[in-house]
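To keep things clear, I will list the structure first and then write my remarks on it.
The values are calculated or read from the model by the stated rules, or taken from the named source; none is laboratory data. Just so it is clear, the structure is predicted and the values come from calculations on it, not from any experiment. All Cβ positions, glycine included, derive from the backbone under ideal geometry; neighbour counts span all protein chains shown.
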Amino acid sequence: MIAGDKTYFHIVYDGPALENNEMTVKDLAPALIALSDVIDSSNSVVNGGRAEVEISVKASFKTGCFGIELAVVQSIVQNIIDVVSSEHVKDGVAVLSLLGFTVKDGVETGARSLLQLIKWVSGRKIKKIIANDKETSVIIIDEEEYEVENTVLELFKNVGIRRNLEKVIYEPLRKDGIDSFACTDLKGTKPQFFIVGKDESESFKAPQVDDDLIGEQIIETSLHMLSVAFQQNNKWRFSDGLNSFYAEIQDTDFLKKVQKNEIGFRKDDILKVSLKREQWLTDAGIKTEYTILKILERRSAARQLDLPFENSEK
């Protein structure tokens with residue numbers, strides 16, 4: 001690791017509840033952890049794993065609100081491959097500028113950054129995106145056009161970053177007495193602030209994203225019943241000998257017989273079934289769902305001795 005210089009920026013929460021420069025740990029801790037994740041994930045998107053960042057809290061400032069100074073240290077991951085590629089690593093200032101937490105080259109904080117883009121979109125549906133070149137694209141909403149760097153667009157599309165920004169901005173501003181969020185690097189005689197008021201905070205609520213189906217498999221297998229659900233649409237619990245799981249049964253003929261008490265169950269029962277296994281990519285990671293399409297055979301798992309019976313002859 002080759003450590004770079006520290007880059008400082010500030011976030012400020014303001015409102016009647018913060019007049020004594022106090023903010024509850026319950027509100028602050030999730031926001032700071034989420035902010036750290038935003039910067040870490042953004043650095044990974046921008047630099048492709050060639051650099052790592054560390055965020056630390058330095059001090060508070062400005063009376064009548066609650067402000068925090070944070071320090072970001074970026075370290076280049078240096079190995080045989082990265083000796084050359086490290087020359088193309090964007091430093092901490094550049095990453096924070098793309099996010100909108102700092103000023104770069106005298107440009108107003110948040111200008112054409114992720115924060116400014118989210119604020120401009122404001123929950124509206126994007127009509128289309130036109131790629132100008134490898135560096136920039138134009139976003140069109142309601143006949144309005146907005147040009148951004150493609151890297152900012154990548155940050156905008158990242159669900160994890162958007163979820164964490166929601167915790168940094170939207171969640172605290174939902175609380176009574178916290179009216180605004182601001183960020184700055186305090187550079188120059190008149191520092192520039194990017195400000196989000198309570199009435200704008202909805203823009204930073206992360207959009208809902210459907211789960212993606214990433215794998216599907218249908219197999220014939222034998223399952224041991226662990227629990228039976230007699231109410232409609234409830235899932236039954238099974239074991240395949242290695243893992244236990246809940247599964248929905250879609251075999252209507254079998255379910256009708258269960259409802260009519262035409263089938264009784266014993267703890268040793270084993271079902272041979274046609275089983276569908278689906279894997280979904282969710283915000284929390286990979287989720288697996290099981291569905292029994294058809295009950296093919298039912299037998300008892302109770303083992304019996306094989307005795308040498310013969311038919312008697314008279």
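General remarks:
- Within the range 241-252, the set of residues being touching a residue at least 40 places away in the same chain (Cβ under 8 Å) and out of contact with any Phe, Trp or Tyr (no Cβ under 8 Å at 6 or more places or on another chain) comprises 250, 251.
- Count - residues of the range 258-283 that are surrounded by fewer than 16 Cβ atoms within 10 Å (Cβ to Cβ) and either of a type in the set (A, V, I, L, M) or under 13 Å from residue 297 (Cα atoms) (or both): 3
- Tally of residues being surrounded by fewer than 18 Cβ atoms within 10 Å (Cβ to Cβ), of a type outside the set (A, V, I, L, M, F, W, C) and not in a strand (DSSP E or B) across the range 138-157: 5
- Residue 171 in a helix (DSSP H, G or I), assigned by TED's automatic domain parsing to the domain that holds residue 114 and over 15 Å from residue 120 (Cα atoms): yes
- Residue-level check: of (1) modelled with pLDDT of 90 or more; (2) under 27 Å from residue 89 (Cβ atoms); (3) not aromatic (Phe, Trp, Tyr), residue 138 misses just (2).
- Residue 110 satisfies every condition listed in (1) within 24 Å of residue 15 (Cβ to Cβ); (2) buried (at least 16 other Cβ atoms within 10 Å of the Cβ); (3) at pLDDT below 55; (4) over 27 Å from the mean Cα position of the chain (by Cα) except (4).
- Those residues of the range 165-201 which are more than 19 Å from residue 93 (Cα to Cα), small (Gly, Ala, Ser) and surrounded by fewer than 17 Cβ atoms within 10 Å (Cβ to Cβ), in sequence order: 177, 197
- The single condition from (1) in a loop (DSSP other than H, G, I, E, B); (2) of a type in the set (Gly, Ala, Ser); (3) at pLDDT 90 or above that residue 182 fails is (1).
- Condition met for residue 208 (without any contact (Cβ under 8 Å) to a residue 60 or more places away in the chain, at negative phi and exposed (fewer than 11 other Cβ atoms within 10 Å of the Cβ)): yes
- Options 57, 72, 53, 38; residue that is modelled with pLDDT of 75 or more and in a helix (DSSP H, G or I): 38
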